[in-house]
Amino acid sequence: MQLDSKTFNSLFTDYRSRYVRFAVSYLKDDFLAEDLYVESMMTFWQNRESLPQDTNVPAYVLRTLRNKCIDYLRRCRLNQDYCDSKGKAEIWDLDFRISSLEKFVPENVFKHEIEKVLRDTLAGLSDESRRVFTMSRRYGLSVKEIAAVTGLTEKGVEYHITKVNKLLRVQLKDYLAALAFVYLFF
Amino acid sequence: MEINRDIFFKFFNGELSENESIELISWAEKSQDNYAMLEKERQLFDLLNLAPEECFAEPEVKVRRLTFVWKALSVAAGVAALIAAALFLRTPDKSQYMVADTVVTAPAGSRSLVNLPDGTQVWLNAGSSMTYSALPGKDGKREVSLEGQARFDVSKDEAHPFVVHTYLADIEVLGTSFDVIADKDRGLFETALFTGKVSITTPDGKTSCVLSPSQKVILGDKKLLLGSIENYDIYNWIDGLYCFRDRPFSQIILDMEKYFGTQIDCQVASAVADEKLTGKFRVSDGLDFALKVLQISLDFNYTFDESNESVIITD
């Protein structure tokens, strides 16, 4: 496909923080996540000419990033020394992350007007709830940290997070059901 | 632990303790439905992570994550100590004047007010200590080192910046008033700014940020967070008040050891130790009074030993 470097640069900036956030949640390593994001973007740039013109670039990059994360986590799983140093729960968590990533379908993220649902739901929140939720999701702060920064009690912070999560689950119910359906066939 | 949906997100965020994780895992392995539910929650979690930034658009959020190299920091601190030792051995310029660094310590149970030669006023909280030199250091900087909590009212002198060194980061000041907690043993760090301007820099030089009045920087989980001061109560220690908010009982006990200068041996079960409390004490009312008040909201017993020098707290 044809793509000038200016468009590429703005794609790079637009998707950076959310894709890195996604990778961090699987890799548990900020720097590695950042590296793999940059590598994924570079992979796309190098292969762009052999891709069809209607390629969904964000989905392509997300798929590359997902594959790189799987590769890394599988290598960890096969590394005897690494696994010996971890507890049973951590290994279970690692296996769960690998299988979740394997089932993850990047194209789905861009379907079903998911952005609109999220935007509408969050726009309807109280300022306090949105503020707490933003710190929790966008900045990845723990309940304890949010309490320390906002001056709310930890219970208060948890109340807001629970409320927003509940709301999102209701709003995204159909979307999640559709995803579960897809898995039955793949 | 109750298995609810918030637990799932905490698990994905790596916020659960090992025991809690084990509990969640055995729940997930109990049935296929449970496992499927956990997978579905992970999808929702991923979706939220991948949501575009505008979804969260929130201009008044004042939190900023500072990139912070934790491992590098401890190594850097070691190297810095070595370099400092080497400099000390090789450049005897200070000893030429026969001026030794002065160490001021506020003993547990009392606060101290220190007037530095440049006119700066420092309140040291109980059990804290500060080292300073009567002469300005190289580059004309006024430098002090702090272990514990202190309030600084720095006299304005733009030609000679004032620097507070702590175990975690350096705080550089022009003329200003601010509160610092730097307690290495308990892993605490906080800088709260009331007036003026300060900048905070980690030893690796990679993380630095400038605070404006009514902002604070605190140490979160291996990262520094910039936020706004919402509650000024806790800074009232210079007036002899001990204020705490949503603080675990075990931490309150550690604080009180310093405020009242009495050794406290806390032998309660972890359920009691983790209980979070909010309150305020006048230090002059004494430890016995404070413990009596705490007993109203929490079930524990305490006994003073004969010499009144230590307290044992039991269930």
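Tabulated data for the structure shown
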{"item": "Any hit, the range B:171-178, residues being in a strand (DSSP E or B), at pLDDT below 90, farther than 24 Å from B:L241 by Cβ and among the acidic types (D, E)", "result": "yes"}
{"item": "Test for A:F110: is it surrounded by fewer than 16 Cβ atoms within 10 Å (Cβ to Cβ), hydrophobic (A, V, I, L, M, F, W, C) and modelled with pLDDT under 85", "result": "yes"}
{"item": "Condition check for B:P213: free of Cβ contacts under 8 Å to residues at least 24 places away in the same chain and either under 25 Å from B:Y232 (Cβ atoms) or small (G, A, S) (or both)", "result": "yes"}
{"item": "Selected residue (only one of B:L193, B:L188, B:L174 is aliphatic (A, V, I, L, M) and under 13 Å from the mean Cα position of the chain (by Cα))", "result": "B:L188"}
{"item": "Candidate set: the range B:203-252, residues that are touching a Ser or Thr at 6+ places or on another chain (Cβ under 9 Å) and β-branched (V, I, T); chosen: the one surrounded by the most Cβ atoms within 10 Å (Cβ to Cβ)", "result": "B:V217"}
{"item": "Qualifying residue in the range A:89-105 (condition: surrounded by fewer than 18 Cβ atoms within 10 Å (Cβ to Cβ) and at pLDDT below 85)", "result": "no"}
{"item": "Answer from A:V132, A:V149 - the residue that is surrounded by 19 or more Cβ atoms within 10 Å (Cβ to Cβ), more than 8 Å from every other protein chain (Cβ to nearest Cβ) and under 30 Å from B:Q215 (Cβ atoms)", "result": "A:V132"}
{"item": "Output for the range A:25-37, where each listed residue is surrounded by 13 or more Cβ atoms within 10 Å (Cβ to Cβ) and of a type in the set (A, V, I, L, M, F, W, C)", "result": "A:L27, A:L32, A:A33, A:L36"}
{"item": "Conditions (1) at positive phi; (2) under 19 Å from the mean Cα position of the chain (by Cα): number failed by B:E257", "result": "(1)"}
{"item": "Members of the range B:276-306 that are surrounded by 18 or more Cβ atoms within 10 Å (Cβ to Cβ) and in a loop (DSSP other than H, G, I, E, B)", "result": "B:F300"}
{"item": "Residues that are in a helix (DSSP H, G or I), at the interface with chain B (Cβ under 8 Å from one of its Cβ atoms) and within 14 Å of the chain's Cα centre (by Cα), drawn from the range A:88-113", "result": "A:S100, A:K103, A:V109"}
{"item": "Some residue of the range B:33-42 being closer than 18 Å to A:F110 by Cα, within 36 Å of the chain's Cα centre (by Cα) and of a type outside the set (A, V, I, L, M)", "result": "yes"}
{"item": "Any hit, the range B:253-262, residues being within 14 Å of chain A (Cβ to nearest Cβ), under 22 Å from B:S129 (Cα atoms) and in contact (Cβ under 8 Å) with a residue 40 or more places away in the chain", "result": "no"}
{"item": "Residues of the range A:44-79 that turn out to be surrounded by fewer than 17 Cβ atoms within 10 Å (Cβ to Cβ), over 20 Å from A:Y26 (Cα atoms) and not acidic (D, E), as a count", "result": "10"}
{"item": "Subset of the range B:14-29 (residues that are within 7 Å of chain A (Cβ to nearest Cβ) and either at pLDDT below 85 or more than 31 Å from the chain's Cα centre (by Cα) (or both))", "result": "B:G14, B:E15, B:I25"}
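This table checks each residue for (1) of a type in the set (G, A, S); (2) under 30 Å from B:W123 (Cα atoms).
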{"residue": "B:G240", "(1), (2)": "yes, yes"}
{"residue": "B:F249", "(1), (2)": "no, yes"}
{"residue": "B:G261", "(1), (2)": "yes, yes"}
{"residue": "B:D288", "(1), (2)": "no, yes"}
{"residue": "B:V293", "(1), (2)": "no, yes"}
{"residue": "B:S297", "(1), (2)": "yes, no"}
{"residue": "B:T303", "(1), (2)": "no, no"}
{"residue": "B:T314", "(1), (2)": "no, no"}
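The values are calculated or read from the model by the stated rules, or taken from the named source; none is laboratory data. All values derive from a computational prediction rather than experimental measurement. Cβ sites come from the backbone with ideal geometry, for glycine too, and all protein chains shown count toward neighbours.
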